[in-house]
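Following: one structure in structure tokens, then a few remarks.
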Amino acid sequence: MSALPAAGPEAAPSRPVLMELKNITLRFGGVEAIKDISFDIREGEIRAIIGPNGAGKSSMLNVISGFYHPQEGEVWFRGRRRPAMKPYQVARLGIARTFQNIALFDGMSVLDNVMTGRITHMKRGIFAQGVWKGPAEREEVANREAVERIIDFLEIQRIRKTPVGRLPYGLKKRVELARALAAEPKLLLLDEPMAGMNVEEKEDMSRFILDVNDEFGTTIALIEHDMGVVMDLSDRVVVMDYGRKIGDGTPAEVRANPEVIDAYLGVAHD
Amino acid sequence: MSHSPDAPEGAAPSIPALLRRNASRYGDRPAYREKEYGIWQEWTWRQALGEVEGLALGFLALGLAEGDHVAVIGRNRPALYWSMVAAQMCGAIPVPVYQDSSAEEMAYVLDHCGARFVICGDQEQVDKVLEVQEGLPVAQLLYLDPRGLRKYDHGRMCSLAEAAETAGSQRGKLLLELEAREARLGPDSTCVMLYTSGTTGRPKGVVLSNRNIIETARASSEFDHLRATDDVLAYLPMAWVGDFIFSIGQAMWTGFCVNCPESEDTMLTDLREIGPTYFFAPPRVFESQLTTVMIRMEDASRLKRRMFDRAMILARRVGPRLLDGERVSGMDRLRYRIAQALVLGPLKNTMGLSRIRVGYTAGEAIGPEIFDFYRALGINLKQLYGQTEASVFITQQKDGEVRSDTVGTPTPGVELRMAPSGEVFYRSPGVFQTYYKNPESTASTKDAEGWVATGDAGFIEDGTGHLRIIDRAKDVGKMASGALFAPKYVENKLKFYPNILEAVVFGNGRETCVAFLNIDLTAVGNWAERNNVAYASYQELSQNRQVLDILQGHVEAVNESLAGDEMLSGCQVHRFLVLHKELDADDGELTRTRKVRRRIIEEKYADLIDALYAGRDSVYTETEVTYEDGRKGSIKATLDLRDARVWPVGESRRVAAE
């Protein structure tokens, strides 16, 4: 697996911080979507962000991915403060993501879609690629190999040449994960990876997420509605409600937090 | 066993010895291929020997003893085949286990053979073994695919790659030990132990010696002129004796290349890419391929469809005769060649069958239409009849003597005998040694002279010497008139119609036969769509008048063909009904391998059988069903009972036509 980031298994608490979010506040006009939230993501962990509808989870993920620029607060990534960036610059930094409502190229094959994830690893210019022979060829072979390893890993060999538009929903989600993995990210962001799936598909997806984390040592931050899945998968959980952070800790700690229970059981706030 | 004058000479008394022979004789020829990362990876015979030796040394270092059983669980992959041969090299006995067996079934097998080493394909299998290992003598767990296993306790577990490295510094010492152990292997040492699938009772461990496997492989390879340049696709369960004979026995004897698909789902794509020259498939594979072709032709343009239809009419007439070496006029030859170029050739190519020299089907009866279709294309598809206890081969069809209703003549070296009851007995160099730890079953199956009971009833056809299998011996009964009652034979004939998914025939001890039918929802649903027949449920479609008319036609056609068969004409179906629900394993009506459980159905639907024999026109019934989540419910229905036309004995157009 030399083509992919490798990290040995380490004890969870002592791992170094990969990303730190300090006092983030995000406003849309007069609406405060995120209010003064701080937390960190450690290397090699699975970090979940949960909360009821409208809690600001997706906004938070968009801040992490650099798509939204918070009005207040700082984002530190790998020990350096991250300035406001364009999405492609963030991708180059080593952050990849999947989307809640799948954003793939429907007319292209699975292989080509996953190949687009390698775009940050393609260094040859358009002329070299046009001539193709030589360095560009070697580069493409290397990229194809990396992609094939991911296809093998996610068990989508069967649909390698199938246009994505013809695939069922659960498989599209898996292809999206494959494309994100192809970028060999340091940090993988998953926006509701199980939304709309049946039990079997959820189980498959959970296993792949765990395997990705286990095999490549990829740090994963995910948003998810299904509490069972979150509790089983994640090492640590951030709970949000109305744009505020109301809980942070291991699944067991979060589950015992009275404020979290209130938010989920819908107890009236003062 | 004394009756094998051509026992393999001293040069190759065992599978590992054959591997060494191949490594020196075929050195750089491909021995194994596996598609991985989208590319076919290849190993030559010399490399394969290196891999096997590496594994064997690793096993020695981990403490594998002579006579140990080594369970191998996983899908067909070269490394798992190598593990089996490596175990043999160490003087241990490989025991391939069905990878889809439940943890419970696996526990039985592991416990029964007392496997000390278990080799798993991936995490799924490792999990199953860990689940049941308590109280089992498993000392070492090995796995091929490390994915997901990183965080497991590796105290008694390692990957095959790591195992091969454990030899390390002691390599020299272990090599001597390996050599010594290998030298002790002879034709009579155990080659493999295979568990029979066990549709009745507990699975039994069939012990096969090197002589069994090598002799059978030799005889059958020579029978079909297999050669080192052949290619096979290894995709059938490794625990099945057929795969062991094809992918290890014959491959080692002949030196041909074993190709492993990328995953179970990609089998058809991989088949097309490899284009095997020697191919085995159970009837359902051929059936589903044919169905796919037919459905795609329905959607093809008018011109293509006409070309296909015309080419097939010609091919059905000419193709089988050409294969059988019969006389065909020059004009027909020319037309067939044109059809090959325009239609048949491309069709074979998309199915991955263009290079096939020898194709076999077995396991169940194959529908004559399906069989003829492939032979019409010019594919040399044949049938064989075999058992685990015989190291597969009992009878097989010679080139030029291929028919859909027989299973051929005895394989060279096999003797056949018919018991008065109709049961088939055989004796051959492939006959198993014993059932492991089960002397009673061994004694009741194999007699002192080496004759083995097949449990199947059949007869040898006058004139041709071909064996025809009728049914399982225990299912064959007598009608009230004394005529032979062979329900499965009739059911198979009915099931050859795509519209009929399942059939159950009753009539043991009765005057006449009656039948239950299940419609095939895909086929009948497709028909309904094309003919604008609206229906809201399976139940409604199954009782549709037009559907019943179609099925009545099928039943009568079967009756007509049965009438032409003197022995079985009494089994014509006089009355039938179409069941309002699909027979289901969850309701206990079928086994997990989808075999009909006759007695249970007979009890459960006693009211329906009575109504059929009472001559009523319709019957109201309520049936309990189990849903997939385990809840129970009931289905109510009023079923139409139908009379089918029967023919007097011996009167059949079909006989005249053939």
Check your understanding: If you go through region B:639-652 one residue at a time, do you hit one that is outside any strand (DSSP E or B), of a type in the set (Val, Ile, Thr) and modelled with pLDDT under 80?
Key -> yes
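Could you check, for region B:596-609, whether at least one of its residues is over 27 Å from the mean Cα position of the chain (by Cα), among the small types (Gly, Ala, Ser) and outside any helix (DSSP H, G or I)? Steps first, answer last, please.
Within region B:596-609, the subset over 27 Å from the mean Cα position of the chain (by Cα) is B:602-609.
So of that shortlist, the ones also among the small types (Gly, Ala, Ser) come out as B:606.
Add one more test, that the residue is outside any helix (DSSP H, G or I), and what stays is none.
No, that holds for no residue.
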Review point. Considering B:LEU142, B:LEU62, which residue is more than 25 Å from B:ILE213 (Cα to Cα), open to solvent by 40 Å² or more (accessible area, probe 1.4 Å), away from chain A (no Cβ under 14 Å) and of a type in the set (A, V, I, L, M)?
Key: B:LEU62
Exercise for review: Say whether the condition of being in contact with a strand residue (DSSP E or B) (Cβ under 7 Å, 6 or more places away or on another chain) and within 14 Å of another protein chain (Cβ to nearest Cβ) is met by at least one residue in region A:101-110.
Suggested key: yes
Review point. So how many residues does region B:385-403 have that are open to solvent by less than 40 Å² (accessible area, probe 1.4 Å) and either over 18 Å from B:ALA457 (Cβ atoms) or outside the structural domain of B:TYR374 (by TED's automatic domain parsing) (or both)?
Key: 8
Revision key, fill the gap. So the strands (runs of 3 or more DSSP E) completely within region B:357-432 holding 3 or more residues that are hydrophobic (A, V, I, L, M, F, W, C) are B:392-396
Exercise for review: Answer yes if at least one residue in region B:166-175 is modelled with pLDDT of 90 or more, assigned to a strand (DSSP E or B), under 18 Å from B:TRP82 (Cβ atoms) and touching a helix residue (DSSP H, G or I) at 6+ places or on another chain (Cβ under 8 Å), and no otherwise.
Suggested key: no
Exercise for review: With respect to B:ASN499, determine if the residue is farther than 21 Å from B:LEU612 by Cα, open to solvent by 10 Å² or more (accessible area, probe 1.4 Å) and in contact with a His (Cβ under 7 Å, 6 or more places away or on another chain).
Suggested key: yes
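From the list B:GLY114, B:GLY67, B:GLY27, which residue is open to solvent by 20 Å² or more (accessible area, probe 1.4 Å), closer than 25 Å to B:THR216 by Cα and of a type outside the set (S, T, N, Q)?
Just a single option satisfies the conditions, and that option is B:GLY67.
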Check your understanding: Looking at region A:82-90, is at least one residue among the charged types (D, E, K, R) and open to solvent by less than 30 Å² (accessible area, probe 1.4 Å)?
Key -> yes
Exercise for review: May I ask you to say which residue of A:ASP211, A:ASP204 is under 20 Å from the mean Cα position of the chain (by Cα) and closer than 30 Å to A:GLU20 by Cβ?
Suggested key: A:ASP211
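Restricting to region B:264-309, name every residue that is among the aromatic types (Phe, Trp, Tyr) and within 19 Å of B:ASN76 (Cβ to Cβ).
Within region B:264-309, B:TYR278, B:PHE279, B:PHE280 qualify.
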Review point. Is one or more of the residues making up region B:558-566 open to solvent by less than 40 Å² (accessible area, probe 1.4 Å) and within 14 Å of B:ASN499 (Cα to Cα)?
Key: yes
Check your understanding: If you check A:PHE208, A:PHE153, A:PHE105, which single one turns out to be open to solvent by 20 Å² or more (accessible area, probe 1.4 Å) and of a type in the set (Phe, Trp, Tyr)?
Key -> A:PHE105
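With the requirement that a residue be surrounded by fewer than 15 Cβ atoms within 10 Å (Cβ to Cβ) and in a loop (DSSP other than H, G, I, E, B), what does region A:123-140 give you?
A:LYS123, A:GLY125, A:TRP132, A:LYS133, A:GLY134 - these are the residues of region A:123-140 that are surrounded by fewer than 15 Cβ atoms within 10 Å (Cβ to Cβ) and in a loop (DSSP other than H, G, I, E, B).
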Exercise for review: Just give me the residues in region B:422-438 being open to solvent by less than 10 Å² (accessible area, probe 1.4 Å) and either among the polar types (S, T, N, Q) or farther than 10 Å from B:VAL207 by Cβ (or both), in sequence order.
Suggested key: B:VAL424, B:TYR426, B:SER428, B:GLY430, B:VAL431
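Can you pull out the helices (runs of 4 or more DSSP H) entirely within region B:180-277 that have at least 2 residues that are open to solvent by 20 Å² or more (accessible area, probe 1.4 Å), away from chain A (no Cβ under 14 Å) and touching a strand residue (DSSP E or B) at 6+ places or on another chain (Cβ under 7 Å)? Let's see the steps before the verdict.
Values: elements: B:210-223, B:251-254, B:267-274.
The helices (runs of 4 or more DSSP H) meeting that bar number zero.
Tell me the strands (runs of 3 or more DSSP E) entirely within region B:446-546 that contain at least 2 residues that are among the aliphatic types (A, V, I, L, M) and touching a residue at least 60 places away in the same chain (Cβ under 8 Å).
Correct list: B:467-472, B:500-506, B:513-519.
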Revision key, fill the gap. Among helices (runs of 4 or more DSSP H) entirely inside region A:141-233, those with 3 or more residues being within 13 Å of chain B (Cβ to nearest Cβ) are A:199-216
Practice item. Go through (1) open to solvent by 50 Å² or more (accessible area, probe 1.4 Å); (2) under 30 Å from B:ARG417 (Cα atoms); (3) touching a strand residue (DSSP E or B) at 6+ places or on another chain (Cβ under 7 Å) one by one and return the number of the condition B:ALA480 breaks. Key: (3)
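The values are calculated or read from the model by the stated rules, or taken from the named source; none is laboratory data. For clarity, every value in this text was computed on a predicted model and none was experimentally measured. All Cβ positions, even for glycine, are placed from backbone atoms using ideal geometry, and neighbour counts span all protein chains on display. All accessible areas refer to the heavy atoms of the entire protein, side chains included, with ligands and DNA or RNA removed. Shrake-Rupley method; radii C 1.70, N 1.55, O 1.52, S 1.80 Å.
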